[in-house]
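Here the structure comes first, spelled out in structure tokens, and everything after it is commentary.
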Amino acid sequence: MESIRSRAGRDFIARHGETVFNAARRLQGEAAHTPLTRAGFAQADEMGAALARYLGPRPRLDLWASSTGRALQTLAIITEHLGLDWHDARTDDRLVEIGMGSWGGRYYADVIAENGPVVEPHAGLLLPAPDGERYEQIAGRVSGWLADTHDQPGDRLVIMHGISSRVLRGVMTGAARHPTLGAPTLPGLPQGSLVMVERGVETIIHRGQGHAPA
């Protein structure tokens with residue numbers, strides 16, 4: 001998949017904070033409502049403080065989030081630090097996490113016992129479930145979102161997920177396709193991490209403290 005032509009503004013892309021699924025070591029995937037843990041709220045707090053230091057009070061930011069509860073909870077904490085209105089955010093299902101099919105919601109240990117490893121060892125990417133979403137499909141949907149919002153002026157904040165953000169960041173920076181998974185990806189970052197992509201170049205603004213496998 002070709003990289004998307006760079007926008008004029010900066011994109012601040014955040015991975016949501018830890019959830020109850022992460023803490024229990026369950027495969028979360030596209031599950032809609034998996035609330036943040038206390039650690040997850042603390043991670044969102046740290047991202048909000050870091051972005052407020054970087055941008056100053058009440059920055060001009062368009063707010064976007066995956067439609068999942070954990071992304072919207074993370075956004076609520078960050079916007080409080082910035083002095084922005086959470087209600088101004090737009091959501092898009094194309095920003096949700098990889099669809100895990102019949103593996104979704106199950107414990108990692110149980111799926112591994114039945115199917116073998118579920119994390120690709122070199123890049124640390126989740127392997128698709130037999131009936132789950134493929135990486136080419138993720139690249140297609142996030143590329144569609146980028147194309148549809150390309151003409152949006154100015155800076156924006158996007159709250160999403162571990163795997164889907166790796167693909168989005170890969171598309172935006174023109175990263176190489178993963179040799180077997182078939183989509184551009186960048187290295188993973190812990191939960192509660194925040195990056196900036198400006199004209200195809202990524203800068204880490206804050207590295208989180210999360211410990212989820214992918």
**OP:** Place a label point 7 angstrom from the Cα of Arg177 along the Cα-to-Cβ direction, then list the residues of region 115-144 whose backbone nitrogen is under 14 Å away.
**Re:** 135-140
Original post:
If you plug each phi of region 188-198 into the Karplus form 6.51 cos²θ - 1.76 cosθ + 1.60 with θ = phi - 60°, what whole-Hz ³J(HN,Hα) values come out, in order, with x for Gly and Pro?
Top reply: x, 10, x, 4, x, 9, 9, 10, 10, 10, 10
**OP:** Give the carbon-plus-sulfur fraction of the accessible surface of region 1-119 in %, rounded to a whole number; probe 1.4 Å, heavy atoms of protein chains only.
**Re:** 51 percent
**OP:** Convert each backbone phi in region 87-102 into a coupling constant with the Karplus relation 6.51 cos²θ - 1.76 cosθ + 1.60 (shift: θ = phi - 60°), then list the ³J(HN,Hα) values in order as whole Hz, x for Gly and Pro.
**Re:** 5, 7, 6, 10, 10, 8, 5, 6, 9, 6, 6, 3, x, 9, x, 6
Subject >> Phi to ³J(HN,Hα) by Karplus 6.51 cos²θ - 1.76 cosθ + 1.60 over region 66-80, Hz, x for Gly, Pro >> reply: 3, 7, 7, x, 5, 5, 5, 4, 4, 4, 4, 5, 5, 5, 5
Original post:
Counting only residues 5 or more places away or on other chains, whose amide H sits under 5 Å from the amide H of Arg10 once H atoms are built in the peptide plane?
Top reply: Asp155, Arg156
**OP:** State the Cα centre-to-centre distance between region 65-122 and region 159-214 in whole Å.
**Re:** 13 Å
**OP:** Scan around Thr19 for amide H atoms under 5 Å from its own, H built in the peptide plane at 1.01 Å from N, and keep only partners 5 or more places away or cross-chain.
**Re:** Thr37
Original post:
What's the angle, to the nearest 10 degrees (0 to 90), between helix 162-173's Cα axis and the longest principal axis of the chain?
Top reply: 60 degrees
**OP:** Just tell me the longest site-free run in the chain, where the sites are trypsin sites (Lys or Arg not before Pro) in a DSSP loop having at most 15 other beta-carbon atoms within 10 Å.
**Re:** 61-133
Original post:
Helix 135-148 versus the longest principal axis of the chain: what angle, 0 to 90°, nearest 10, using Cα atoms?
Top reply: 20 degrees
Original post:
Once you put a point 7 Å from the Cα of Trp86 and another 7 Å from the Cα of Asp151, both along the Cβ direction, what distance in nm separates them?
Top reply: 3.3 nm
Original post:
What residues have an amide H closer than 5 Å to that of Ala129, excluding those fewer than 5 places away on the same chain, when H is modeled at 1.01 Å from N in the peptide plane?
Top reply: none
Subject >> Accessible area expressed per residue, region 94-139, with surrounding protein chains retained (probe 1.4 Å, Å²) >> reply: 47 Å²
Subject >> 0 to 90° range, to nearest 10: angle between helix 38-55 axis and the chain longest Cα axis >> reply: 40 degrees
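The values are calculated or read from the model by the stated rules, or taken from the named source; none is laboratory data. Everything numeric in this text was worked out from a predicted model, so none of it was measured. All Cβ positions, glycine included, derive from the backbone under ideal geometry; neighbour counts span all protein chains shown. Each accessible area value is taken on the protein alone, full model and side chains, heavy atoms only, with ligands, DNA and RNA left out. Shrake-Rupley method; radii C 1.70, N 1.55, O 1.52, S 1.80 Å.
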